[in-house]
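One structure is given here, and the rest of the page talks about it.
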Amino acid sequence: MRKLARDPALVGLFVVLASAAVSTGCAPNPVRHSAPARIDSRLWRDARRADALGLTPTAALSTAFGSIADVSRALSEGEPDRSPAPGSSRGAVSGISGGKETGADLRTGDQEWFASALERHRDEIDDALDETGHRATFVGFAEDPRLRFVYVDQTMKFYNEQGRKFTEGANLFVSNRMVGRLANRLVLTADPEIYFNENRNVELDGSDEGVRMQELTLSGRLGPAELTVGRTPLWWGPGRHGALLLSNNAQPLDLIRLSTAGPLLLPGPLAHLGLIRAEVFASQLEDERPVPRPYLAGARVTTRLFPWLEVGASRTAMFGGKGRNVDPGTVWDVITARTENDETGDPGNQLGSIDGRLIIPWELQPFELYGEYGGEDEAGGFFSRTAYLAGVY
C-alpha cells in the first residue's frame, strides 16, 4: 500500500476514473454509513430473494459487498405503507412502485416469509433510515463472531472462501468482526481470523496455525461518494456461485476504492439511465508471481434501468510490476488497451465483461435470470477468448 501511494501515475488514473464515477450524483444518499454486507450473511440472502419477488426495485445487487445500510434500505422498499426517506431516489425511476402495490400479488407463503425477514432485519433497517435515533457514533466489538470446523477426508476444492486453505484432516476457523462508526462519516471494520489446518506444515510448508486479517478497512462517506482504504473482498457480477473477473474466491485485496454511496439518480435527462452505481479501485499484488508486485486496477458501473432489469459493465487491468516502469504513457496504454500482451512494452492484461439480471416476479413462481459475458479486452473491438456464465434463481 505504501508503494502504491507513491506511484503518481496509478494514483492519477485512480483519481480521474473515480471523479468521473461519483461527480454526477444528484444528491447525498440518505442512509447511514455502515460496514459491507457479507454475501454469505442472512441479510444479503434475504435481499436477493426479496428482489426476485419484485420487492426491492432500486437495489443494486450485482456488485456485492455493498454496505449493510444500503442493502437494508433496499429491503425496506417492500414494506407496506412505508414512505420514502427524505431525498431518497425511490420512486424516481419510471415504473417503480411502493412496497404495498408490489407486494400485493405475493403468494401467502412469500408474504409470510417477507414479513419475518423485515422483523429479522428490523435493527439494520431502522439504523439505515435513522428512524429510531440510532447513534451516529458507536463501537461494536462482536458484530459477527464465527466458529467453523471442517473435516476433510479426501482431496477437494473449496470455492469462494476468500483464499482460505483447507488441508486433509481438521480445519478450524475462529473469527470476530468488529465495527466502529464515527459521526456517520467514518467506518472502521476489522475481522481477524485464527485458523488451524491439520498437516498444513506438510502440504503448505508452513505452521499448522496462524492469524490473518480477513478484512481491515477505513471507509468514509461525503455526499454521493464513498472512499475505502484497506483489505476487503470484491465480487463483480450477478452470478450466485462465481463471477468472471472478480469474486471472493481469491484473497481479499489491499486496495484504494472510490465508489458511489449506494445507487444514485443522475440529474436531468440522464435520469432515464436509471439508478447508477459505480466504483473504481487500485491495488498491488503479491511477490509470488512471474512478474512480482504487478498493479491491478478496475472499474465497474451498473444501472437499475428498470425495476425488472439491472445491467452492468466491468473492466480490470493488470500491469507494471518489478522491473517494469509505470509512467503516464503506460497508464494511457492500459486505458486504451494498445499494448495488450505486447512483449515490446508492458504486456499487461485487460479483461472486460458485461452482465445483467432480469427479475420476473410471477405470482405462480417468481424467479430471476442472470448472465455475464466477457473476455480479453481489445481496443477498437469486442471481447476475444470469451467466457460466459448464466443461471436462474
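Every number in this text was worked out from the coordinates using simple rules, so none of it is lab data. Keep in mind that this is a model prediction, so the values were computed, not measured. Glycine gets a Cβ as well: all are built from the backbone with ideal geometry, and neighbour counts include every protein chain shown.
Please work out the FRET efficiency for the pair ASN325 and ALA250, using the Cβ-Cβ distance as r and a Förster radius of 30 Å; give the result to the nearest 0.05.
Working: r = 27 Å, r/R0 = 0.89.
So the FRET efficiency works out to roughly 0.65.
What length, rounded to one decimal in nm, is gained on full extension from LYS157 through to MET213, with 0.36 nm per residue of separation minus their alpha-carbon distance?
18.0 nm
How do the peptides 275-284, 315-324 rank, highest first, by the average count of neighbouring beta carbon atoms within 10 Å per residue?
On the way: 275-284: 23.8, 315-324: 19.3.
My ranking of the peptides, most packed first, is 275-284, 315-324.
Once the Cβ-Cβ distance between ARG120 and ALA313 is put in as r, and R0 is 45 Å, what FRET efficiency do you end up with, to the nearest 0.05?
Efficiency computed from Cβ-Cβ geometry: 0.85.
Under 14 Å from the Cβ of SER116, count the other residues' Cβ atoms, weight Lys and Arg +1, Asp and Glu -1, and hand me the total.
On the way: positive: ARG42, ARG45, ARG49, ARG120, ARG122; negative: ASP46, GLU79, ASP110, GLU112, GLU119.
Neighbourhood net charge equals 0.
List, in order, the whole-Hz ³J(HN,Hα) value for each residue of segment 45-54 obtained from phi through the Karplus relation with A = 6.51, B = -1.76, C = 1.60 and θ = phi - 60°; use x for Gly and Pro.
4, 5, 5, 5, 5, 4, 5, 5, 7, x
Can you tell me the relative contact order of segment 149-290? Whole percent, Cα pairs under 8 Å, sequence separation 6 or more. Could the numbers behind the result be given before it?
On the way: 279 pairs, mean separation 25.6, N = 142.
18 percent.
So who's got an amide H within less than 5 Å of the one on VAL326, skipping anything under 5 residues away but keeping other chains? H placed 1.01 Å off N, in plane.
Counting only residues 5 or more places away or on other chains, the set is empty.
So, R0 is 25 Å and r is the distance between the beta-carbons of ASP144 and HIS241; what FRET efficiency does that work out to, to 0.05? Present the calculation step by step, with values, prior to reporting the outcome.
Details: r = 22 Å, r/R0 = 0.89.
Efficiency for this residue pair is about 0.65.
Summing Lys, Arg as +1 and Asp, Glu as -1, what charge do residues with Cβ under 14 Å from the Cβ of LEU218 carry, LEU218 excluded?
On the way: positive: ARG181, ARG185, ARG221, ARG231, ARG257; negative: ASP191, GLU215, GLU226, ASP254.
Around LEU218, the surrounding residues sum to +1.
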